[in-house]
Amino acid sequence: MDIKRLLKSISYSSLYGEPGGDVHGISYDSRKVRDGHVFVAIPGEKDDGTKYEGQAVQNGALAIVTKAYNPEYSGVLQVIVDNPRLALAALSREFYGNPSSKLPVIGITGTNGKTTTTYLIESIFKSASRRPVVIGTVNYRFMDSRIKAVNTTPESTDLNRMMSEFLSQGATDIIMEVSSHAISQGRVSGINFDMGIFMNLTQDHLDYHKTMEDYYAAKAMLFDKLLVSSHKGKKFAILNSDDPWVSRIKVKRGIGVIRFGSSGQSDIKLVGSSSSLDGIKMKLSTPIGVIELSSHLVGHYNIYNIMAAVASAIVSNISVEHIRHGVESLHSVPGRVERIDNPKGIYAFVDYAHTPDALEKVLTALNELKKKRIVCVFGCGGDRDRGKRSLMGDIATRLSDIAIITSDNPRSEQPLTIISDIENGIRSAEGVESVRPGDRFDGHVYTVIQDRRQAIRTALDVSSMGDVVLVAGKGHEDYQIFGDRTIHFSDREEMTDYFKVPL
């Protein structure tokens, strides 16, 4: 693409140099710049792209888009903009042919439930012979293609490139998780959404957003800004009517509203349900009639994820038969109350619950279904919202018979410092006794085992037939982060390996 044409897609305050030549790529990573690329120097949370403009020039950058002119690179076109991230999004959208304008795009936001809802929608759409792309926490996927997810929502250049590539391969829909970071950082700026789904809002990411009001405001931008600016003809906001934060959303005129929940104002309304450790049965009242569904997913809270998926399917004119088949054919979601089969007769689960609300919901659901005891292994991540640690400590011990505190991703923090923060919440709980790892785990107890592998194995050692073991916090992740090193570690693999040993 000619650079003069490309630059028409952004507002800039000044140009240094004469625009000329063809653009062969857009990059925000100086290491990936090649001849003919436009390098956008975006500010990061921990670094600043302007420090790498020299490397981009050495690698053949045709132009640099940045906040301030640098005379050291006077031989290269410099485009001065107020917000490099928004410029990156606009340049990427133009360079890749505005792919989000050419097929339906569903954006799902909320603290919990985003990933499971994408899997449900994907399954329903595939049952209707559609070819959806899913962009989310576990991976970015289309048919047989799988790309490891770096962020829940990719940077705008990667997002537009992937959408363009999958569109050329026959994709019919985009289903994407939209994180609060992605919204506030402009990664989804200019995406033409057809639907926005708001699942819920509970405490998380306050290390970044600082307050719940700021966190809410970031999520709300999907509806009061991005959905409004979308160029699609028919647009819908799909909202959880039972969540107090979501109910604050004010939808602009011209955008349809579909509400789901158990309240009287819900368009997709739960009118009956039953749950077991083998799944859920439910009856929903909908604008197209009563729908009875069965799901292999475990936990009452998953009914909300199913209702959101049903709402998106109804808006997409998918039949009841395909909705029912899509929901029933999804057996599990990676790391979301994912059951680990075993010969010991234990109900063993791995779950991504890493927020107070998510942990409370999954443990509450398991308590309602348990046959014997609940053993919970969990930790909290370092360099993240410190305020949720004591809350999760209280929740885990209150709703488990045996709680084992361990390491999650300590990052730059000392693991024992994080564990101490968690214990602050446990010590306020009544009737919970602290025991050492070698003691008998009788009654309502908790212990600390810093090594995650040993914590998981101890949980399984002390469990017997009919017990529920929940390993929470990391779910689908296959790594642990310690300081500046990352090691391979998978809760699923650890549990599976344990059960391979003859009893």
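Derivation of every value follows stated rules applied to the coordinates shown; laboratory data play no part. Quick caveat: nothing in here was measured; it's all calculated off a predicted structure. Heads up, the Cβs are rebuilt from the backbone with ideal geometry, glycines too, and the neighbour counts pull from every protein chain shown.
Take every Cα pair under 8 Å whose residues are at least 6 apart in sequence, average their separation, divide by the length of the range 338-500, and the relative contact order is 33 percent. In the range 309-377, Cα pairs under 8 Å separated by at least six residues give a relative contact order of 16 percent.
Taking the range 338-500 as the region of interest, the number of lysine pairs whose Cα atoms are within less than 24 Å, with members eight or more places apart or on different chains, is 14. From helices alone, the chain scores -9000 deg cm²/dmol at 222 nm; the rule is -39500 (n - 2.57) for each run of n ≥ 4 DSSP H residues, then divide by the residue total.
In this structure the amide hydrogen of A348, modeled in the peptide plane, comes within under 5 Å of the amide hydrogens of I340, V469, none closer than 5 places in sequence on its chain.
For the range 3-95, give the share of DSSP beta bridges that are antiparallel, in percent and rounded to the nearest 5; count only bridges with both residues there.
Values: 4 of 14 bridges.
Percent antiparallel among DSSP bridges in the range 3-95 is about 30.
What length, rounded to one decimal in nm, is gained on full extension from K32 through to L416, with 0.36 nm per residue of separation minus their alpha-carbon distance? Intermediate results must be reported in sequence, preceding the final value.
Values: separation 384, 0.36 × 384 = 138.24 nm, distance 3.86 nm.
Going from the current span to full extension adds 134.4 nm.
Give the relative contact order (percent, whole number) for the chain; include only Cα pairs under 8 Å separated by 6+ residues. Walk me through the numbers on the way to the answer.
On the way: 1122 pairs, mean separation 52.6, N = 503.
It rounds to 10 percent for the chain.
Across the alpha-carbon atoms of the chain, the computed radius of gyration and Dmax are 24.2, 77 angstrom. For trypsin sites (Lys or Arg not before Pro), the sites in the range 185-266 that DSSP calls loop and that have at most 12 other Cβ atoms within 10 Å are K210, K234, K250, K252, R253.
Our coupling estimate for the range 218-224, obtained by passing each phi through the Karplus curve with A = 6.51, B = -1.76, C = 1.60 and θ = phi - 60°, is 5, 4, 5, 4, 4, 9, 8 Hz, Gly and Pro reported as x. Under 20 Å of direct C-alpha separation, and excluding same-chain neighbours fewer than eight residues apart, K46 reaches these lysines: K32, K67, K210.
Between K4 and Q450, the contour length at 0.36 nm per residue exceeds the Cα-Cα span by 154.8 nm.
List the GluC sites (Glu not before Pro) in the range 363-441 that DSSP assigns to loop (not H, G, I, E or B) and whose Cβ has at most 14 other Cβ atoms within 10 Å. Which are they? If you can, show how the numbers build up before the last one.
Working: sites: E368, E413, E423, E430, E433; in loops: E413, E430.
Those satisfying the criteria are E430.
Our coupling estimate for the range 273-282, obtained by passing each phi through the Karplus curve with A = 6.51, B = -1.76, C = 1.60 and θ = phi - 60°, is 7, 8, 9, 8, 6, 9, x, 10, 10, 8 Hz, Gly and Pro reported as x.
Projecting label points 7 angstrom from Cα along Cα→Cβ for K234 and D461 puts them 6.0 nm apart.
Residues whose amide H comes within less than 5 Å of that of F489, counting only those at least five positions distant or on another chain, are Y479, Q480 (H built at 1.01 Å from N in the peptide plane).
Taking amide hydrogens as placed 1.01 Å from N in the peptide plane, the amide H of G381 sits under 5 Å from those of N409, each at least 5 positions away in sequence or on another chain. Couplings for the range 84-90, taken from phi via the Karplus curve 6.51 cos²θ - 1.76 cosθ + 1.60 with θ = phi - 60°, read x, 5, 5, 5, 4, 5, 5 Hz in order; Gly and Pro are left as x. The Cα center of the range 350-419 and the Cα center of the range 167-204 differ in position by 28 Å.
Quick one: work out the % antiparallel among DSSP beta bridges in the range 338-500, nearest 5. Please list the in-between numbers first.
Details: 7 of 27 bridges.
Restricted to the range 338-500, the bridges split so that about 25 percent are antiparallel.
When both bridge partners sit in the chain, DSSP labels roughly 40% of those beta bridges antiparallel. Counting 0.36 nm for each residue step from S11 to N367 and taking away their Cα separation leaves a gain of 122.6 nm. Peptides 31-44, 93-106, ordered by how many other C-beta atoms sit within 10 Å of their residues on average, highest first, read 93-106, 31-44.
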